[in-house]
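Visitor: Let me begin by handing over the structure; questions about it come next.
The values are calculated or read from the model by the stated rules, or taken from the named source; none is laboratory data. Predicted, not measured: the structure shown is a model, and the values here were computed from it. Don't worry about glycine lacking a Cβ; one is built from the backbone with ideal geometry, like all the others, and counts go over all protein chains shown.
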């Protein structure tokens, strides 16, 4: 029974991305060729990005950092230490990916990372892939912690994380597939690429599960590692995107919505 729930939990976020990517078939935008013109109204896009950021921050706290420190309670006043170390390693890991992989953020004119001959759409997909790696790791490490019994994580808490990430993956899928269509890809190709951008999540989750028996004693470090990686994405990518262009409060308001939704899910199902 647990195996079925684990498989479901790993796939739920991927389904969220896939459904969001399908919006390219139903939502209309201002199609351009080779430009950066948004295909989603700016306020809507900022709101969706803020919502995703709120979910990721809440998940990092309730599903990852708090369990990591609770598991380290035997260290007394130093119970925070594994969480701090893991958090920093996770942040530096994403920083390294940011520098080593050529990628292009939404609306950015200049690519980040080393020079490459990749097409613009390819680098946009790589940016999303970097973003999705920590989310998949977070899901995998939470289910691994539940299986090993090393941390006080219930199946409900693990499913809450999967559902929360799936909810924030839905708008992300739309935010990816529609700009790809606006940059010249047909709807079918944009949809497929949007789906593939989320495929790294179940892969990362499965890898974490496979190594669960090996890193069982280090579970607090891995939980906080995933948290550090997710917070890096939020601060480096999502929050700046909510502040681009004309000032709007939608990103902040939807951040609060996403944060409280994820917090409520974790407490209610955990």
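Visitor: All but one of (1) farther than 28 Å from residue 264 by Cα; (2) crowded, with 21+ Cβ neighbours inside 10 Å hold for residue 213; state the number of the condition that does not hold.
Guide: (2)
Visitor: Which residues, taken from the range 185-209, are over 10 Å from residue 137 (Cα atoms) and assigned to a helix (DSSP H, G or I)?
Guide: 187, 188, 189, 190, 191, 192, 193, 194, 195, 196, 197, listed by residue number.
Visitor: Oh, and also: All but one of (1) more than 20 Å from residue 61 (Cβ to Cβ); (2) modelled with pLDDT of 85 or more; (3) surrounded by 21 or more Cβ atoms within 10 Å (Cβ to Cβ) hold for residue 165; state the number of the condition that does not hold.
Guide: The number of the failed condition is (1).
Visitor: On to the next question. Hey, can you tell me all the residues within the range 90-106 that are touching a residue at least 24 places away in the same chain (Cβ under 8 Å) and crowded, with 16+ Cβ neighbours inside 10 Å?
Guide: Across the range 90-106, the qualifying residues are 90, 91, 93, 94, 97, 98, 101, 102, 103, 105, 106.
Visitor: Go through (1) surrounded by fewer than 19 Cβ atoms within 10 Å (Cβ to Cβ); (2) in contact with a helix residue (DSSP H, G or I) (Cβ under 7 Å, 6 or more places away or on another chain) for residue 76 and report which single condition fails.
Guide: Every condition holds for residue 76 apart from (2).
Visitor: Among the candidates 96, 52, 83, single out the residue that is closer than 26 Å to residue 268 by Cβ and more than 16 Å from the chain's Cα centre (by Cα).
Guide: 83 is the lone residue from the list that is closer than 26 Å to residue 268 by Cβ and more than 16 Å from the chain's Cα centre (by Cα).
Visitor: Also: Exactly one of (1) modelled with pLDDT of 85 or more; (2) over 15 Å from the mean Cα position of the chain (by Cα); (3) within 21 Å of residue 231 (Cα to Cα) is unmet by residue 103. Its number?
Guide: So residue 103 meets the others, but not (1).
Visitor: Separate question: Here is a check on your reading of the model: is residue 68 modelled with pLDDT under 90 and under 30 Å from residue 153 (Cβ atoms)?
Guide: It is false that residue 68 is modelled with pLDDT under 90 and under 30 Å from residue 153 (Cβ atoms).
Residues are listed down the side, and each one gets a yes or a no for (1) farther than 30 Å from residue 3 by Cα; (2) in a loop (DSSP other than H, G, I, E, B); (3) at pLDDT 85 or above:
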site: 96; (1), (2), (3): yes, no, yes
site: 108; (1), (2), (3): yes, yes, no
site: 118; (1), (2), (3): yes, yes, no
site: 122; (1), (2), (3): yes, no, no
site: 127; (1), (2), (3): yes, no, no
site: 135; (1), (2), (3): no, no, yes
site: 151; (1), (2), (3): no, yes, no
site: 171; (1), (2), (3): no, no, no
